[in-house]
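The values are calculated or read from the model by the stated rules, or taken from the named source; none is laboratory data. Remember, predicted model here, so these are calculated numbers, not experimental data. Methodologically, a virtual Cβ is constructed for each residue, glycine included, from the backbone with ideal geometry; neighbour enumeration extends over all protein chains shown. All accessible areas refer to the heavy atoms of the entire protein, side chains included, with ligands and DNA or RNA removed. Shrake-Rupley method; radii C 1.70, N 1.55, O 1.52, S 1.80 Å.
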Amino acid sequence: MEFPILSLMLAVPLAAAIACLFLGAQSARMLALGATLFDLALGILLWANYDIGGAQWQFTERAEIFAGFSYALGIDGIALMLIMLSVFLMPICILASWDAITKRVGEYMAAFLLMEVLMIGVFAAQDMFLFYIFFEAGLIPMYLIIGVWGGDNRIYASYKFFLYTLLGSVLMLIAMMWMVNEAGTTDIPTLLNYDFPAGAQTWLWLAFFASFAVKMPMWPVHTWLPDAHVQAPTAGSVILAGVLLKLGGYGFIRFSLPMFPEASAQFAWLVFGLSMVAVVYTSLIALVQHDMKKLIAYSSVAHMAIVTAGLFAFNVQGIEGAMMVMLGHGLVSGALFLCVGVIYDRLHTREIDRYGGLSINMPKYALFFLLFTMASVGLPGTSNFVGEFLALAGLYKVSTLVTLVCTTGIILGAAYMLYLYRRVAFGEQKNADAAAMLDLNAREWIMLAPIAAAVLWMGVYPESFLAPMRQDIAALETRMARAAPEGDSQLKIGAPKEHNANFVAAAHEAEGAH
């Protein structure tokens, strides 16, 4: 394409954000919706013109700002899919806030538009320091969204969110400065193929891990997430679960795994251990929640644990599965928070016991809620099934134990999600105010129907999402293969390295022939 589409995708919401600060409430809503829909159209254009099987980096733009820092943008298939997730959810977030937000509407819309700029910037940045600026600046609008428009305990939740995520990122900045000094460049595509000393990789990996683990969030640094979700407005929870949690996974794919493969192999079992604890522990906590938002928040931690386990399986299936789980979870968790927001707007409570029997007076709502509940459980034909199946298949090649524990998380997920649905949608209508609630209106239909269609599309025809990423995931796996850890199901632990190297080579040859 001839024009700089990535810069345009950044410029449109940024200009709209500035304009919203000077407009009235209704005008700000209309402008924010128009800007996000325009970015969605640009995203569809980007996807339509992406050359599958072409150059790894496409739509590249570069301008030297000063020595050692460039305005450099470009995407591969992985970044493309995450950008599409961002621009797809953003207009839905604006619609979700249409009636719910009544104070400081212009500033609220500006914060969301700025969030969109920063999310797209993270996925499109090709300069390391530009990535860091976008990555860290995303804290600011979400901090404001929680702190200004959140619930009663919003100040505590916003400070906790900000401090947790900022602390780890300071270590990442120090590591980046060392890397640039060592490699002599800030260009991410160049750094992806640079071989850092094995001894230094350990410290660099830990510094990046401190940031990405909090963003995911991994156990035990996940405690900021339930508080942030509970206090955030509905649209804040949607974008936090839908996209912001994926920044940590994207960081592992873009930095930790390809740049520090030896250290990633060295710490793979640490990641597996934390992931196993997270899957079981947070699923059990979700089972006993009384607040719907907290239950979904803890389920997000369990799903993200499957992502980290899949990424560190060091094979194509694991990484493809992790990416599909991220995309599927972005849709499904966002939709579940929207479903909570729909009934919260009517009754102003998230207590599960205050509802019951909603399928009687809200059948359309109950149908959407059922679809998203089944997708969260991983029902075949929905988005999450594809990702979880691929991630567990890749994980099984490395460890039967880790696969078994992560699979119990899916079983527990079915328990807490079906338990939630039964208490909300079925049973006796004990509360007259809940029984009197009206079914979905036109705005809520427009919010939920596109996500439902995307969830089914991804479940029925996942190849359309996998195809743009396949070449980039294969390149990542090739980069990581030299350091692949020995697993208890694929490789013989304790065998000579020559044996395992021959085994991996033969497996790759057989896979290629297949």
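Taking the chain, how much of its Cα-Cα pair set, in percent, is spaced more than 43 angstrom apart?
Cα-Cα pairs in the chain separated by more than 43 Å: 13 percent.
Restricting to DSSP H runs of at least four residues, report the calculated mean residue ellipticity at 222 nm for the chain, -39500 (n - 2.57) per run over all residues, nearest 500 deg cm²/dmol. Present the calculation step by step, with values, prior to reporting the outcome.
Working: 24 runs with 369 residues, N = 514.
After summing the helix terms and dividing by the residues of the chain, the value is -23500 deg cm²/dmol.
Along the charge dipole of region 145-264, which of Ser264, Ala198, Ser158 sits closest to the positive end, that is, farthest toward it, with unit charges on the beta carbon of Lys, Arg, Asp and Glu (+1, +1, -1, -1)?
Ser158
Using DSSP to define loop residues, name the chymotrypsin sites (Phe, Trp or Tyr not before Pro) in region 62-96 whose beta-carbon has at most 14 other beta-carbon atoms within 10 Å. The partial results should precede the final answer.
Values: sites: Phe66, Phe69, Tyr71, Phe88; in loops: none.
Answer in residue order: no site qualifies.
Counting only protein heavy atoms and using a 1.4 Å probe, what share of the accessible area of the chain belongs to carbon plus sulfur, as a whole percent? Intermediate values should be presented prior to the final figure.
Numbers: 12520 of 18700 Å².
Taking all protein chains in place, the chain shows 67 percent carbon and sulfur surface.
Considering the options Thr282, Ile140, Met119, tell which one lies farthest towards the positive end of the dipole of the chain, charges being +1 on Lys and Arg and -1 on Asp and Glu at the Cβ, about the Cα centre.
Toward the positive end, the furthest listed residue is Thr282.
If we restrict to alpha carbons, what Rg and Dmax does region 39-135 come to, in Å?
Over region 39-135's Cα set, Rg and Dmax evaluate to 15.5, 48 Å.
Stick to Cα atoms and the Kirkwood definition of Rh, then tell me Rg/Rh for region 269-334. Walk me through the intermediate numbers first.
Numbers: Rg = 12.4 Å, Rh = 12.2 Å.
Taking Rh as the inverse mean 1/r over Cα pairs, Rg/Rh reads 1.02.
If you keep only loop residues by DSSP, which trypsin sites (Lys or Arg not before Pro) in region 33-113 have at most 16 other Cβ atoms within 10 Å of their Cβ?
Values: sites: Arg62, Lys103, Arg104; in loops: Lys103, Arg104.
Qualifying residues, ordered by number: Lys103, Arg104.
Output the Kirkwood hydrodynamic radius of region 112-265, Cα pairs only, in Å rounded to one decimal. Numbers along the way, then the final one.
On the way: mean 1/r = 0.0631 Å⁻¹.
Evaluated over region 112-265, this radius sits at 15.8 Å.
For the chain, what's the relative contact order in percent, using C-alpha pairs closer than 8 Å and at least 6 residues apart? Walk me through the numbers on the way to the answer.
On the way: 839 pairs, mean separation 75.5, N = 514.
It rounds to 15 percent for the chain.
Relative to a virtual label point 7 Å from the Cα of Leu347 in the Cα→beta-carbon direction, which members of region 408-429 show backbone nitrogen distances below 18 Å?
Correct set: 417-429.
Could you state how much accessible area Trp269 has, in square angstrom rounded to the nearest 10, with a 1.4 Å probe and all protein chains kept in place?
Approximately 110 Å² for this residue.
Working from Cα positions, state the angle (0 to 90°, nearest 10) between the long axis of helix 77-96 and the longest principal axis of the chain.
Compared with the principal axis, the helix lies near 10 degrees.
Which order do you get for Val221, Val214 if you rank them by accessible area with a 1.4 Å probe, largest at the top? Walk me through the numbers on the way to the answer.
Details: Val221 45, Val214 10 Å².
Largest accessible area first, the residues go Val221, Val214.
Of the options Leu438, Ile44, Tyr108, report the single residue whose Cα projects farthest towards the positive end of the charge dipole of the chain (beta-carbon charges: Lys, Arg +1; Asp, Glu -1).
Leu438
Take the alpha-carbon centre of region 31-75, take the same for region 246-264, and report the distance between them in whole Å.
Between the Cα centres of region 31-75 and region 246-264 lies a distance of 22 Å.
To the nearest 0.05, what FRET efficiency results for Thr60 and Tyr194 with a Förster distance of 22 Å applied to their C-beta separation? Provide the component values of the computation, followed by the final result.
Numbers: r = 19 Å, r/R0 = 0.86.
So, using R0 = 22 Å, E works out to roughly 0.70.
Treat every Asp and Glu Cβ in the chain as -1 and every Lys and Arg Cβ as +1, leave all other atoms uncharged, and give the resulting dipole magnitude about the Cα centre to the nearest 20 debye. Don't skip to the answer; put the middle values down first.
On the way: 25 positive and 35 negative charges, 245 e Å.
Approximately 1180 debye in magnitude.
Let me know the longest stretch in the chain that avoids all GluC sites (Glu not before Pro) found in a DSSP loop with at most 12 other C-beta atoms within 10 Å.
On the way: sites that count: Glu2, Glu428.
Of all site-free stretches, the longest is 3-427.
Probe of 1.4 angstrom, ligands and nucleic acids ignored: what's the accessible area per residue over the chain, in square angstrom?
Details: 18700 Å² over 514 residues.
Computed with neighbouring chains in place, this is 36 Å² per residue.
Between 0 and 90 degrees, rounded to the nearest ten: what's the tilt of helix 316-347 against the longest Cα principal axis of the chain?
With rounding to tens, the tilt is 10 degrees.
Let me know the charge dipole size of region 331-411 about its Cα centre in debye, to the nearest 20, where only the beta-carbon of Lys, Arg (+1) and Asp, Glu (-1) is charged. Let's see the in-between values first.
Values: 5 positive and 4 negative charges, 15 e Å.
For region 331-411, the charge dipole is close to 80 debye.
With axes computed from alpha carbons, what is the tilt in degrees of helix 363-377 against the longest principal axis of the chain, rounded to the nearest 10 within 0 to 90?
Approximately 20 degrees, to the nearest 10.
Counting every Cα pair in region 200-357, what percent are over 19 Å apart? Walk me through the numbers before you get to the answer.
On the way: 6537 of 12403 pairs.
It works out to 53 percent of all Cα pairs.
Assuming R0 = 60 Å, what is the FRET efficiency of Asp439 and Ala475, from their Cβ-Cβ distance, to the nearest 0.05? Walk me through the intermediate numbers first.
Details: r = 49 Å, r/R0 = 0.81.
E(calc), rounded to 0.05, equals 0.80.
Distance from the Cα centre of region 113-133 to that of region 326-351, in angstrom?
So the separation of the two Cα centres works out to 27 Å.
Grab the Cα-Cα distance for Ala183 and Gln26, subtract it from 0.36 nm times how many residues apart they are, and report the gain in nm with one decimal.
This chain segment gains 51.4 nm when fully extended.
Can you tell me how much longer the chain between Ile446 and Ile18 gets when fully stretched, taken as 0.36 nm per residue apart minus their C-alpha distance, in nm with one decimal? Write down the numbers at each step before the final one.
Values: separation 428, 0.36 × 428 = 154.08 nm, distance 2.67 nm.
Length gained, Ile446 through Ile18: 151.4 nm.
Could you give the dipole magnitude of region 76-221 about its Cα centre, charging the beta-carbon of Lys and Arg +1 and that of Asp and Glu -1, in debye to the nearest 20?
Values: 5 positive and 10 negative charges, 106 e Å.
In debye, rounded to 20, region 76-221 gives about 500.
Rounded to the nearest Å, what's the spacing between the alpha carbon centres of region 146-173 and region 4-24? Just the number, please.
25
So which chymotrypsin sites (Phe, Trp or Tyr not before Pro) in region 159-241 end up in coil per DSSP with only 15 or fewer other C-beta atoms within 10 Å? Let's see the in-between values first.
Values: sites: Tyr159, Phe161, Phe162, Tyr164, Trp178, Tyr194, Trp203, Trp205, Phe208, Phe209, Phe212, Trp224; in loops: Tyr194.
When the chymotrypsin sites (Phe, Trp or Tyr not before Pro) of region 159-241 are filtered for loop state and at most 15 Cβ neighbours within 10 Å, Tyr194 remain.
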